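These notes concern the structure reproduced below.
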Amino acid sequence: MRLDVVSIFPDYLAPLDLSLIGKARRDGLLDLTVHDLRDFAHDRHRTVDDTPYGGGAGMVMKPQPWSEALDHVVAQGSSAFPGAAERVPTLIVPGPGGEPFTQQIAKDLAEEPWLAFACGRYEGIDERVYEWAGERMPVRILSLGDYVLNGGEVAVLAMVEAIARLLPGVIGNAESLIEESHEDGLLEYPVYTKPAEWDGRAVPEVLLGGNHRAIAEWRHEQRVQRTAARRPDLLPPVAAAAALADLEER
Ligand code: SAM
């Protein structure tokens, strides 16, 4: 998968060199390039922002550096897909006013060959850039949650990690992806490791017995209870209803 990230703080993306994502890059599973938006500003101060029309607080990111940066991303990235006619990335623009980023969206995006991310700063990017980009490539505005960050970089770190770990070969044990929270609408069951007793607290007896069916039933029950307690909003959907029905059948 090819990934391009455009930011005024390329160093913010340095953690993408670490851990499993860094290894995936070194193993050639991820081809990730970070671009400095200021390279596409042509004045002496490499200005990327200006005051908002209509007044108001803060600054707005100017359209011209963005169009040049995205043209560059498309031109440079297209050469990574030899033979393909007119390839373009799907452009992800993180923003608090976007569609909530979910595990399902991560899965959908993990199927794509090429994603580009535009990290906004200040009060955001001039609205015309969304229009301009939308005429050239698919654009998705995605929110990390109902709160406001200073910039898109932290959101991109989270999204890239959630997407990249779904690619074949990135996580050593692919089975660990199957039972995770948000895979089927339920949260994960509680997990324990050695010692069997710590600080006067014992690991639940059922996990020590080696009865796989009993363990599976206990874990399922825990998932339903935990979801009901912490995220009742997840329960009405189909997956949770099916999980409850399944539990009753046992
Ligand atoms: N004025 C904007 C608003 O109220 O919608 C907020 C701008 S915020 C200070 C600057 C940048 O941070 C945004 O352009 C976006 O890239 C990023 N950002 C902030 N909150 C975010 C969130 N919840 N999810 C994704 N990106 C976010």
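The values are calculated or read from the model by the stated rules, or taken from the named source; none is laboratory data. Since this is a predicted model, take the numbers as computed values, not measurements. FYI the Cβ positions are ideal-geometry reconstructions off the backbone, even for glycines, and counts take in every protein chain you see.
Across segment 101-148, the qualifying residues are those that are within 9 Å of the ligand (Cβ to nearest atom) and over 22 Å from Phe9 (Cα atoms), and the one among them that is surrounded by the most Cβ atoms within 10 Å (Cβ to Cβ) is Phe101.
Figure legend. Inter-residue proximity from segment 110-128: first residues within 14 Å of Met1 (Cα to Cα) and acidic (Asp, Glu), second residues modelled with pLDDT of 95 or more and within 12 Å of the ligand (Cβ to nearest atom), beta-carbon distance below 7 Å, spacing 6+ or different chains. No pairs are indicated.
Picking from residues in segment 33-56 that are of a type in the set (Ser, Thr, Tyr) and surrounded by 10 or more Cβ atoms within 10 Å (Cβ to Cβ), the one that is nearest to Glu68 (Cα to Cα) is Thr47. Among the conditions (1) loosely packed, with under 12 Cβ neighbours inside 10 Å; (2) under 20 Å from Tyr130 (Cα atoms); (3) not β-branched (Val, Ile, Thr), Trp66 misses just one, which is (1). All conditions in (1) surrounded by 13 or more Cβ atoms within 10 Å (Cβ to Cβ); (2) charged (D, E, K, R); (3) near the ligand (Cβ under 9 Å from one of its atoms) hold for Glu183, with the sole exception of (3).
With touching a strand residue (DSSP E or B) at 6+ places or on another chain (Cβ under 7 Å) and farther than 21 Å from Gly145 by Cα as the only criterion, which of Pro100, Pro89 stands out? Of Pro100, Pro89, the one residue that is touching a strand residue (DSSP E or B) at 6+ places or on another chain (Cβ under 7 Å) and farther than 21 Å from Gly145 by Cα is Pro89. Scanning segment 82-109 for residues that are hydrophobic (A, V, I, L, M, F, W, C) and touching a residue at least 12 places away in the same chain (Cβ under 8 Å) gives Val88, Leu91, Ile92, Val93, Phe101, Ile105, Ala106, Leu109.
Picking from residues in segment 53-81 that are without any contact (Cβ under 8 Å) to a residue 12 or more places away in the chain and among the hydroxyl-bearing types (Ser, Thr, Tyr), the one that is farthest from Ala116 (Cα to Cα) is Tyr53.
Condition first: assigned by TED's automatic domain parsing to the domain that holds Ala24, of a type in the set (Asp, Glu) and within 25 Å of Ala229 (Cβ to Cβ). Can you find one or more residues in segment 99-116 that meet it?
Looking for residues that are assigned by TED's automatic domain parsing to the domain that holds Ala24, of a type in the set (Asp, Glu) and within 25 Å of Ala229 (Cβ to Cβ), one finds none in segment 99-116, hence no.
Does Val60 count as within 16 Å of the ligand (Cβ to nearest atom) and modelled with pLDDT of 95 or more? Criteria met by Val60.
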